[in-house]
Structures are given as C-alpha cells and as structure tokens.
Amino acid sequence: MTAFNEDTRVKIPATIQFMRNGYHYQSLKDIDLDRETRIAMNRFIPAISRLNGKQYTQAEALAIVEEIHTVIKNNDLGKSFYQWLINPKDKPQLVDFEHPCENDFAIVDELTFGKDGTESEKTGSFRPDITILINGIPLAFLEVKHPNNEGGIQAEFNRMLNKRLEKPEYKKYFNMLQVVSFSNNMEYESDDDTAFAEDVKAGSFYTMPNGQKTSFSFFREEQPKTSGFVNISLDRIKAVLKDNHYSPSEADTEEFQTNLDMNTPCNRFVTSLFDKERMSKSHAH
C-alpha cells in the first residue's frame, strides 16, 4: 500500500472536490497541448466554436492560439490578454463570463509549464499540482501541501515570488494565469484578515498575479455552499488515483475517505474560490 503523502492527503481529494463542483477531469494521457501556451486544444476548439457560433478548423484555432501567445508575451503585466478575455471586440470570444454554463471547466493534475519533458525549475519549467482550464486555457492553478509541512504556507509564497515571478521565461504564463492559489489544508491561524497573508504559516490563500510582483489574500466564505454538488462514484475516484500513479485500492482506506470530506479546509477553499459562477463574475466586473 502506498504511503500517504500530500498527493493522497490533499491533491487528489482536492481534484475530486473540483469534480464535485462540476469540473471535468482531464488526463495528461489524452490531452492535446499547444507547446508554447499549454492550451488544451482538444477542449479549446469545441469550446470557442460553441461560444462564437462557428466551427473552427484546427488551422484556424491554432492561429488564434498563436495570437494568444503573442499577446501574453507582451511586457504589459498581462493587461492585453485580460482585456481580450473581458472585452474581445473584434477577436474571438475566449470565455463567456455572463453565462458560466456555456464554458468548459476542467482540471488537470501536474501540467508542466516551460520546456517540454522537464519538471525542474532549474531547467526552466514548473508544474503546479492542479491547473484549472477554462475552455482549454490554463487560467488558474492550485498548489497544495499536506498539513504541518516544513516552512508552512510561507515556503510556497517564497517559491512563488523568488523562483517563478522573477524568471523572464515564466512571465508569459503568469500574464495568462488569472488566479494562483495555495493551501496546506489547515485552518487559518487567526481571524484577522488585515494581517499580511505572507506572515501566516497555515491556511489557504489566493492572488491575481500581475506578472511582476504579487501579494496573497485570505479567502473566507460567509455562507459556504452546502448543496448542488455532483456525486463522484467510487469507480471515478479510483480512475483518478490510477491516472496519478496510485493504486485504486487507496480509495478504500479510511484515511483517504476522511481526506475526501468536503469540509476539509482545502476542499472548502476549492468550493468557494473556484465556484464557476464566482470565477465568471469576478472577471466580468
């Protein structure tokens, strides 16, 4: 039996929580990725075809992705891409923020950004635990750590600020990403939201990166969602475990079932921050 780690304690349960909230699970085994942007073409083409009332060919869709790549390479802290998202004008609509149900929401675990075939930040790539795809476009990610991890959430802040945002080769990705979040599946140390999140060692936090420097915020839900979840069968849970290179039998253990509880700090955070309507409204306005 596999020893429990941050994957089985936090990442995979959080992945299941996204699925409970209506996100599709996208396996790396059958994803068609654009090399430069990490856009999932197998989701992007049908989604933008539906939104724009036109069936885009592979070539036409690739031309749009090439234009996205040009835009996110701008040295403008992501402003041009954000304007395209919220007000496309004469460009194809990428996301329907007014009608969330018209979009394709998916998550993919361990998607590498940067040089193909590498997984080390020393060699020019990074790999978030869970990447959120909206219409195939990576617009957010969640990094997780197991409770009481060494350095706490502060270690994640430092890694984010020092090793990623300061690297020129990463800037295009952060010009595209709209939300970056972290959780070590612990309750906040304090009820004081005026404290600097970077000084807190436990909890779940998010930021909207600007490609240069960022700060992180608390997220507390006054009225947590209690209904409207999708039931995820045990077979689907076991398939996600297997796809992440774990034995499906882990799903039968008492500890894993406890980690799947919708009320763990990280799972509550996923439900609140990544609610599909909230994700849409926060950008539409």
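Rounded to whole numbers, the Karplus 3J(HN,Hα) couplings from phi for region 8-24 are 7, 7, 10, 5, 5, x, 5, 4, 5, 5, 4, 5, 4, 8, x, 7, 7 Hz, using 6.51 cos²θ - 1.76 cosθ + 1.60 with θ = phi - 60°, and x at Gly and Pro. At a probe radius of 1.4 angstrom, the accessible area of region 1-143 per residue rounds to 42 square angstrom.
Whole number in Å², please: accessible area per residue of region 222-261, 1.4 Å probe, ligands, DNA and RNA not counted. Let's see the in-between values first.
Values: 2620 Å² over 40 residues.
Computed with neighbouring chains in place, this is 66 Å² per residue.
3J(HN,Hα) along region 62-78: 5, 5, 5, 5, 5, 5, 4, 4, 4, 5, 6, 7, 4, 8, 10, 6, x Hz, from the Karplus curve 6.51 cos²θ - 1.76 cosθ + 1.60 with θ = phi - 60°, whole Hz, x for Gly and Pro.
Highest mean first, how do 30-40, 14-24 rank when packing is the count of other Cβ atoms within 10 Å averaged over residues? Don't skip to the end; give the middle numbers.
Details: 30-40: 17.5, 14-24: 21.3.
Order by mean packing, descending: 14-24, 30-40.
With each label modelled as a point 7 angstrom along the Cα→C-beta vector, the LEU62-ASN87 pair spans 3.3 nm. Mind running the shape call on region 13-138? Use the C-alpha gyration tensor, a ≥ b ≥ c as the square roots of the eigenvalues: rounded below 1.5 for a/c, prolate if a/b tops b/c, oblate otherwise. Oblate, since a/c reaches 1.5 and b/c is not below a/b.
Between LYS276 and SER27, what length comes free when the chain is fully extended (0.36 nm per residue of separation minus the Cα-Cα distance, one decimal in nm)?
Numbers: separation 249, 0.36 × 249 = 89.64 nm, distance 2.04 nm.
Length difference between fully extended and current span is 87.6 nm.
Remark: accessible surface ordering of HIS245, HIS99 (largest first) is HIS245, HIS99, probe radius 1.4 Å.
The values are calculated or read from the model by the stated rules, or taken from the named source; none is laboratory data. Please read all numbers here as calculations on a predicted model, not as lab measurements. Heads up, the Cβs are rebuilt from the backbone with ideal geometry, glycines too, and the neighbour counts pull from every protein chain shown. To get the accessible areas, we keep the full protein, side chains included, count just its heavy atoms, and leave off ligands, DNA and RNA. Shrake-Rupley method; radii C 1.70, N 1.55, O 1.52, S 1.80 Å.
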